[in-house]
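Worksheet: the structure to be examined is printed underneath.
The values are calculated or read from the model by the stated rules, or taken from the named source; none is laboratory data. Remember, it's a predicted structure, so these values are computed and weren't measured experimentally. Quick reminder, even Gly has a Cβ in these numbers, built from the backbone with ideal geometry, and neighbours come from all protein chains shown.
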Number of protein chains: 2
Amino acid sequence: MLQLGTSSLVIVSVIAVVAVVALVLAVVLRRQVLAAGDGTPAMQSIATAIQEGAQAYLNRQFRTLAIFAVVVFALLFLLPGDGGVKLGRSIAFLFGAAFSAAIGYLGMWLATRANLRVAAAATGPNGRQEGARIAFRTGGAVGMSVVGLGLVGAAAVVLVYRGDAPAVLEGFGFGAALLAMFMRVGGGIFTKAADVGADLVGKVEQGIPEDDPRNAATIADNVGDNVGDCAGMAADLFESYAVTLVAALILGKATMGEAGLVFPLIVTAIGALVAVLGVFITKVRGSESGLRAIYRGFYVSALIGAALAAVAAFVYLPSSFADLTGVGEALADHDGDPRLVSAVAVLIGVVLAGVILGITGYFTGTTAKPTRTVAAASRTGAATVVLSGIGVGFESAVWTAGIIAAALCGLFLIAGGSIWLALFLIALAGCGLLTTVGVIVAMDTFGPVSDNAQGIAEMSGEVDEAGAQILTDLDAVGNTTKAITKGIAIATAVLAATALFGSYGDAVSMALAELGAQVTTDGTVAAMLSYEIINPITLVGVILGGATVFLFSGLAIDAVTRAAGAIVFEVRRQFRDHPGIMTGETRPEYGKVVDICTKDSLRELATPGLLAAFAPIAVGFGLGVGPLAGFLGGAIGAGVLMAVFLANSGGAWDNAKKIVEDGHFGGKNSEAHAATVIGDTVGDPFKDTAGPAINPLLKVMNLVSVLIAPAVVMLSVPEDANHTLRIGIALGAALIAFAAIVAAKVRAGKIDITDGIDEKETVSTGS
Amino acid sequence: MLQLGTSSLVIVSVIAVVAVVALVLAVVLRRQVLAAGDGTPAMQSIATAIQEGAQAYLNRQFRTLAIFAVVVFALLFLLPGDGGVKLGRSIAFLFGAAFSAAIGYLGMWLATRANLRVAAAATGPNGRQEGARIAFRTGGAVGMSVVGLGLVGAAAVVLVYRGDAPAVLEGFGFGAALLAMFMRVGGGIFTKAADVGADLVGKVEQGIPEDDPRNAATIADNVGDNVGDCAGMAADLFESYAVTLVAALILGKATMGEAGLVFPLIVTAIGALVAVLGVFITKVRGSESGLRAIYRGFYVSALIGAALAAVAAFVYLPSSFADLTGVGEALADHDGDPRLVSAVAVLIGVVLAGVILGITGYFTGTTAKPTRTVAAASRTGAATVVLSGIGVGFESAVWTAGIIAAALCGLFLIAGGSIWLALFLIALAGCGLLTTVGVIVAMDTFGPVSDNAQGIAEMSGEVDEAGAQILTDLDAVGNTTKAITKGIAIATAVLAATALFGSYGDAVSMALAELGAQVTTDGTVAAMLSYEIINPITLVGVILGGATVFLFSGLAIDAVTRAAGAIVFEVRRQFRDHPGIMTGETRPEYGKVVDICTKDSLRELATPGLLAAFAPIAVGFGLGVGPLAGFLGGAIGAGVLMAVFLANSGGAWDNAKKIVEDGHFGGKNSEAHAATVIGDTVGDPFKDTAGPAINPLLKVMNLVSVLIAPAVVMLSVPEDANHTLRIGIALGAALIAFAAIVAAKVRAGKIDITDGIDEKETVSTGS
């Protein structure tokens, strides 16, 4: 068992201190945000309603998920493995889940207080700069918390478990990913059900503007921004952070020994330091756009981070693999320079982040050609808007996937033919990419906070036109930053998942080695162990992996359509039962809509969540570890393409609408505007529900697979393997996933958008 | 080298006779169709315009593709291999391409004559039965030609080349697939550009009905049905037939020796026989729907085919693998019963066809829940129609992919642990699926013929209301049968592609064996040879394979949007320049729109076509045979899901529109109707351009990979490999594909839908 030397322990302790400093800084930023003026009583009353709704939703969500976490905690003990490590892993799972939840809660808590303050600041002197500053500081507080908690968790595990840290870290990453997935799905359904429902009744049927206080769904819409775009996103990025770091540490230990366990932490700690820098240097100068200021902050901090990481590599690592303590056998005689390859890997990660930022900005920004083409398509109606948005989404997905693939090829090449080193470098590139995460979270939180601020301003009616324009501009910046975050997040998913294939393969090999001579040479069993994609049963895994991504996306989109339908009927009912609402005499019952969103989201998140957790179990136990690897590969391939397609077509539609609202092609209330509103509504569940949830989906499926791999080998390979138990587990898992889908169908029959329509309402067709 | 025994030669000769009989029958059916009454002079003049347009397009398309075919013919000689076989393969390539073209031409030729006769029959006595009979006989003639030409080609190759037949057949399949892909893409762009363009100006802007003679794009729309849905589809199914048969013969020879080369031909000949039966028993009884009659014909002929195939297996094959002449080494001591496993494999194929028919019918039919839900979503506007259609598409894709995966698993299991046998059984299941192809083609041709008949009736104004209703009903049947055909076609793609992995792996092994001791043990080279999906560079292949499918789909959809835009501007110009058109005094210049469609389609088909041909070359030479296998696997996984998603969401939108037009949710000209028209327009390029082209795309990429595999091994594995040449080829191929994409972008800048809009037309935005 690998022991850590004193110098390593000192370094990791210093890193833990850096993590704590990041957390302290989060507190400082939080205080700065709260110190800002909190607006008029009318604004405060709206903000309070949003706060209460968001808090109530998260509380109920956590109560639901706590049960689930306890069940998984227990299940983790059923897996084969050493008792002490298993206990550590299960406890780490709880910590990962709790941290993920805490980050989400903090994000929501602060955002529901910052929204009001941004709205208030926009009306004051120097409104543009001041509003942007508060919104960005809010993000900074969340970003520092993500970085700090992720780093503190990983460092603590390394300090306590030393050489056993990798197995324990799997639990930490799994907890973080599982909770983040549920928060992304639940929050995503909430926010888009409310948004789509509010738009369908408000904008489309009644012709009242967005965020009009007469719309009963408007508070729910604003609550949604906080529980979905804010809490869900923060948990998701924390999970990306944790899982990537976990993959790097697992592979680092396997390849570079002690240094491999410490160096990824150093890189990430540097990321924490430059994130501080990024948050503080991002200031809107004069009349420049908020996006420009954010880009500057990002690029400056990314460059400095890359430079510092390179310096760290050359100072900390030796010049030859043979000099590494506890170096993996396969690498001892590798003739590369660990300093150089590590520095280049981190650099590739940072460059990848920058390129994805550029691609996403190009495809979804209001000033570049793709989104302008979508906007121009509005002249021939909604169908061409939808089609050209889909075209933009496909194309941007291909570019993004291509760039990620190119990065993987580059990392593979610099590894000089060693697959293990290649895997570690891939994970290290992930860490490089994550040095930008503090700024990324800050950028993304910007979106929902300014969206909410705009809502509060509109509803209170107490913000003047200049203030409103400032908030609108901030909101448009938020659309692009949100799309960028999703691109970065899915890139981390690909890198982490690819790297985790290493620990997957390792877990399988170790399980096989333990079985030794008991391994049969039966053809079917050999096929169950085959990772070869030309093996038909492995290819079946690839097809099923892709299918799971499609099913997950479809379920999420359907859930939104369904929940939005329920909201449409509720808002219509309120308009019908209380005619005073339309005239402004009666206050709509906002709480009822928030309640419907809360209940529906919690109910709807179960189906995709169970699918993600149980699909790999069914495939693994049913078909074997080879097809399960195929399943993960197929899911990664389809996942990265679908995630970017959904995020960017949604972003392009949203900003195409903004272009038309800016007065092009007829401007607001023209036919062209109606066409882009349709495009935007189609894009809502694409970009904020289905798309972003694919990132944690991939991580969850990967980590479930890593965890179950030894059990699958034990039940499929030996001559006397208990195939009945294996098939039983597979069928049980398939049944749970299937039952969850059927439950969703039954719900669809009860509360879906066709509710209330029966043959009586249709005319006879004569056929 | 395997020699065929006399009895085998006799059997194959009998099969060739069966093929000729099928072709004779095609001629008989053609004569029956042409013998029917050909309507009034007004109808004839419209039909002549359609005939001329379709003929002109196909002639120009063939001239363009002939050059391409000659280039590929030459390139095939550059690949390594035995001279005689290489010549045979190249000649077979030309035959495959020519047969594919001939089938397409025949389909178009007959359909453009049958349309008129169906329209005329609908007005006569017994209009329903008589119209359906002519439409279905037309399909029967095309179906018999597909079956006859495919079988005659394969039988001839086996008779001439005997043991060398597999290598030569690769050429035959490749020619068929390549030409079919171009015809699917070109025809698909033509038909949907005309359809979307006509709808956008006619229905949406001018409020005139579909097929109104005042719309200048209406002849082009009807031409499109014939060159896309008819010629493209016929070539596509011929290609499916040829490639599946090729895969079965290649693997049959490798596993079961002589019998393996003959048995797949027997199964397919049985398919030809039952197709005759299917075509003749399909009659509309009394007032039953056309779909019901078609389903009955399908299921009866499928069942009889399966039974006959099982009998053939038990009569022709021995009871033990050891008794097979020329049996593969690995299988000689296999303890299964060749008769049983072969019969079950064919049965699985037939059942798969039936299940896909059921699933597709359920998800796209007007009477089942999914499409009704899409129709009901029209009450909340176009956005929910689009979203629910996408949900239906995703879900049906998952079910279809799941069923295909289940079939693969079943075939794998009955192979009893032998991968080679599993691959052959997969190909044999493909042959089983293809026993239904005669009826499938007949079903599918039904669609464009009745669509065209409706167009001719509407434009001539000489069909009474009862006749029009008959034609509308026939058209709705066509929507579902078209979706079913696409489902069956993509299933053959998965089966054939999976099976072809066997010949791919075989080609690589043989090339490696030839190199012998020259194989290096360098890690990078080993990775280039690794099929293991947990190898990062193989996973890169998976990602790139999926990305190619996304890019191909996006390019096809964009091409339609672009070409439709050009048509919108032309039709608008005609309305503006000739006010007499709207009043019915001036005849629109139909020919100009046909010309635009022709030119645009031919130009636009190059980009996706080049991408398909060169992407595998770039990946193979650039990354190696392992990543190329990953590429194919990723393409298969993403391809089957995308193809079904695009086909079925499009089918559901089309029929949702029909439900509303039948009077539900407000009926024609209501808000709900406008919403479903938008859905249908989005679905047009999905279901008739991008979706169906994925099937030949997968085949082309697979066959290109099989063909280049030995060359890739030669240039990557030996110590003295010419890596410069290898990288040069990869970069060259990538460059060609990239240049094609850039060319499409440049075209987009010139003629796209934003043409004519510049800053002057937009209002100032103030920012």
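Quick one: which residue in B:Val449, B:Val355, B:Val437, B:Val374 is among the aliphatic types (A, V, I, L, M), in contact with a Cys (Cβ under 8 Å, 6 or more places away or on another chain) and within 29 Å of B:Asp225 (Cβ to Cβ)?
Answer to the selection: B:Val449.
Say whether the condition of being assigned to a loop (DSSP other than H, G, I, E, B) and more than 29 Å from B:Ser8 (Cβ to Cβ) is met by at least one residue in region B:367-378.
Taking every residue of region B:367-378 in turn, at least one turns out to be assigned to a loop (DSSP other than H, G, I, E, B) and more than 29 Å from B:Ser8 (Cβ to Cβ).
Which one of these is touching a residue at least 60 places away in the same chain (Cβ under 8 Å), crowded, with 19+ Cβ neighbours inside 10 Å and in contact with a Pro (Cβ under 7 Å, 6 or more places away or on another chain): B:Ala97, B:Ala120, B:Ala111, B:Ala154?
Of B:Ala97, B:Ala120, B:Ala111, B:Ala154, the one residue that is touching a residue at least 60 places away in the same chain (Cβ under 8 Å), crowded, with 19+ Cβ neighbours inside 10 Å and in contact with a Pro (Cβ under 7 Å, 6 or more places away or on another chain) is B:Ala111.
Checking the conditions here, which among A:Lys760, A:Lys750 is away from chain B (no Cβ under 11 Å), within 30 Å of A:Ser553 (Cβ to Cβ), surrounded by fewer than 17 Cβ atoms within 10 Å (Cβ to Cβ) and at pLDDT below 90?
A:Lys750
When residues of region A:544-561 are filtered for being facing another protein chain (nearest Cβ under 7 Å) and among the aliphatic types (A, V, I, L, M), how many remain?
Selection size over region A:544-561: 4.
For region A:519-537, give me each residue that is assigned to a helix (DSSP H, G or I) and facing chain B (nearest Cβ under 7 Å).
A:Gly523, A:Thr524, A:Ala527, A:Pro536, A:Ile537
Give me the pairs, please: first residue somewhere in region A:456-477 and under 23 Å from A:Met443 (Cβ atoms) and within 13 Å of another protein chain (Cβ to nearest Cβ), second residue anywhere and of a type in the set (Val, Ile, Thr) and in a helix (DSSP H, G or I), beta-carbon distance under 8 Å, and either six or more positions apart or on two chains.
From region A:456-477, the pairs are A:Leu474/A:Val118; A:Val477/A:Ile294.
Working only within region A:311-338, note down all residues that are crowded, with 19+ Cβ neighbours inside 10 Å and in a helix (DSSP H, G or I).
Scanning region A:311-338 gives A:Ala312, A:Ala313, A:Phe321, A:Leu331, A:Pro338.
A:Thr498: in a helix (DSSP H, G or I), within 23 Å of A:Phe174 (Cβ to Cβ) and in contact (Cβ under 8 Å) with a residue 40 or more places away in the chain, yes or no? Please lay out each step first, then the result.
Details: in a helix (DSSP H, G or I): yes; within 23 Å of A:Phe174 (Cβ to Cβ): yes; in contact (Cβ under 8 Å) with a residue 40 or more places away in the chain: yes.
It is true that A:Thr498 is in a helix (DSSP H, G or I), within 23 Å of A:Phe174 (Cβ to Cβ) and in contact (Cβ under 8 Å) with a residue 40 or more places away in the chain.
When you go through B:Ile617, B:Ile659, B:Ile581, B:Ile636 one by one, which is the residue that is within 19 Å of B:Asp212 (Cβ to Cβ), in contact (Cβ under 8 Å) with a residue 40 or more places away in the chain and in a helix (DSSP H, G or I)?
Residue meeting the stated conditions: B:Ile581.
What is the one condition in (1) facing chain B (nearest Cβ under 9 Å); (2) assigned to a helix (DSSP H, G or I); (3) not polar (S, T, N, Q) that A:Glu570 does not satisfy?
(1)
So that you can scan it fast, the table gives a plain yes or no per residue for (1) crowded, with 21+ Cβ neighbours inside 10 Å; (2) within 7 Å of chain B (Cβ to nearest Cβ); (3) farther than 30 Å from A:Ala353 by Cβ; (4) of a type in the set (S, T, N, Q):
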residue	(1), (2), (3), (4)
A:Val494	yes, no, no, no
A:Ala507	yes, no, no, no
A:Ala511	no, no, yes, no
A:Val542	yes, yes, no, no
A:Ala564	yes, no, yes, no
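Give me the residue from region B:584-601 that is of a type outside the set (Val, Ile, Thr), surrounded by 14 or more Cβ atoms within 10 Å (Cβ to Cβ) and touching a residue at least 40 places away in the same chain (Cβ under 8 Å) and, out of that set, nearest to B:Thr218 (Cα to Cα).
The qualifying residue nearest to B:Thr218 (Cα to Cα) is B:Tyr590.
Please pick out the residue among B:Arg162, B:Arg184, B:Arg133 that is touching a residue at least 40 places away in the same chain (Cβ under 8 Å), charged (D, E, K, R), in a helix (DSSP H, G or I) and touching a helix residue (DSSP H, G or I) at 6+ places or on another chain (Cβ under 6 Å).
On the way: B:Arg162 fails: touching a helix residue (DSSP H, G or I) at 6+ places or on another chain (Cβ under 6 Å); B:Arg133 fails: touching a helix residue (DSSP H, G or I) at 6+ places or on another chain (Cβ under 6 Å).
Matching residue, one of B:Arg162, B:Arg184, B:Arg133: B:Arg184.
If the requirement is being at the interface with another protein chain (Cβ under 7 Å from one of its Cβ atoms) and at pLDDT 95 or above, which of these qualifies: B:Ala422, B:Ala376, B:Ala405, B:Ala429?
Numbers: B:Ala422 fails: at pLDDT 95 or above; B:Ala376 fails: at pLDDT 95 or above; B:Ala429 fails: at the interface with another protein chain (Cβ under 7 Å from one of its Cβ atoms).
Just one listed residue meets the conditions, B:Ala405.
Can we say A:Ala132 is crowded, with 23+ Cβ neighbours inside 10 Å, over 23 Å from A:Val262 (Cβ atoms) and modelled with pLDDT under 85?
yes
Tell me the residue from A:Gly467, A:Gly478, A:Gly487 that is more than 22 Å from A:Ala401 (Cβ to Cβ) and either in contact with a strand residue (DSSP E or B) (Cβ under 8 Å, 6 or more places away or on another chain) or crowded, with 24+ Cβ neighbours inside 10 Å (or both), please.
Answer to the check: A:Gly478.
Answer yes or no: is there a residue in region A:660-674 that is modelled with pLDDT of 95 or more and more than 26 Å from A:Ala193 (Cβ to Cβ).
No, the conditions are met nowhere in region A:660-674.
Condition check: over 28 Å from the mean Cα position of the chain (by Cα), surrounded by fewer than 24 Cβ atoms within 10 Å (Cβ to Cβ) and in a helix (DSSP H, G or I). Does A:Val351 satisfy that?
Numbers: over 28 Å from the mean Cα position of the chain (by Cα): no; surrounded by fewer than 24 Cβ atoms within 10 Å (Cβ to Cβ): yes; in a helix (DSSP H, G or I): yes.
Criteria not met by A:Val351.
Taking region B:354-366, which residues are surrounded by fewer than 24 Cβ atoms within 10 Å (Cβ to Cβ), within 14 Å of chain A (Cβ to nearest Cβ) and either of a type in the set (S, T, N, Q) or assigned to a helix (DSSP H, G or I) (or both)?
B:Ile359, B:Tyr362, B:Thr366
Can you say whether A:Ala406 is buried (at least 24 other Cβ atoms within 10 Å of the Cβ), of a type in the set (Gly, Ala, Ser) and in a helix (DSSP H, G or I), as far as the supplied structure shows?
No; evaluated as a whole, the condition is false for this residue.
So if I check each of A:Thr40, A:Thr64, which one is closer than 30 Å to A:Val712 by Cα and among the polar types (S, T, N, Q)?
After applying the criteria, what remains is A:Thr64.
Could you give every pair whose Cβ atoms fall below 7 Å, whose first residue belongs to region B:287-305 and is without any contact (Cβ under 8 Å) to a residue 60 or more places away in the chain, and whose second residue is hydrophobic (A, V, I, L, M, F, W, C) and part of a helix (DSSP H, G or I), counting only separations of at least 6 or pairs across chains?
Short answer, once both residue conditions are applied: B:Val300/B:Ile281; B:Ile304/B:Val274; B:Ile304/B:Leu277.
Which count do you get for residues in region B:669-728 that are under 30 Å from A:Thr380 (Cα atoms) and polar (S, T, N, Q)?
Final tally of qualifying residues: 5.
Pick out the one residue from A:Ile390, A:Ile414 that is modelled with pLDDT of 85 or more and under 24 Å from the mean Cα position of the chain (by Cα).
Among A:Ile390, A:Ile414, only A:Ile390 is modelled with pLDDT of 85 or more and under 24 Å from the mean Cα position of the chain (by Cα).
Scan region B:1-50 for residues that are assigned to a loop (DSSP other than H, G, I, E, B), closer than 30 Å to B:Ala254 by Cβ and polar (S, T, N, Q) and jot them down. Before you say what the answer is, go through the steps one by one.
First, pick out the residues of region B:1-50 that are assigned to a loop (DSSP other than H, G, I, E, B): B:1-5, B:36-40.
Cutting the leftovers down to closer than 30 Å to B:Ala254 by Cβ gives us B:1-5.
Passing the criteria: only B:Gln3.
Which residue, of A:Gly679, A:Gly666, A:Gly683, is surrounded by fewer than 24 Cβ atoms within 10 Å (Cβ to Cβ) and within 13 Å of another protein chain (Cβ to nearest Cβ)?
A:Gly666
Out of region B:379-394, which residues are more than 7 Å from every other protein chain (Cβ to nearest Cβ) and out of contact with any Pro (no Cβ under 7 Å at 6 or more places or on another chain)?
Result: B:Arg379, B:Val385, B:Gly389, B:Gly393.
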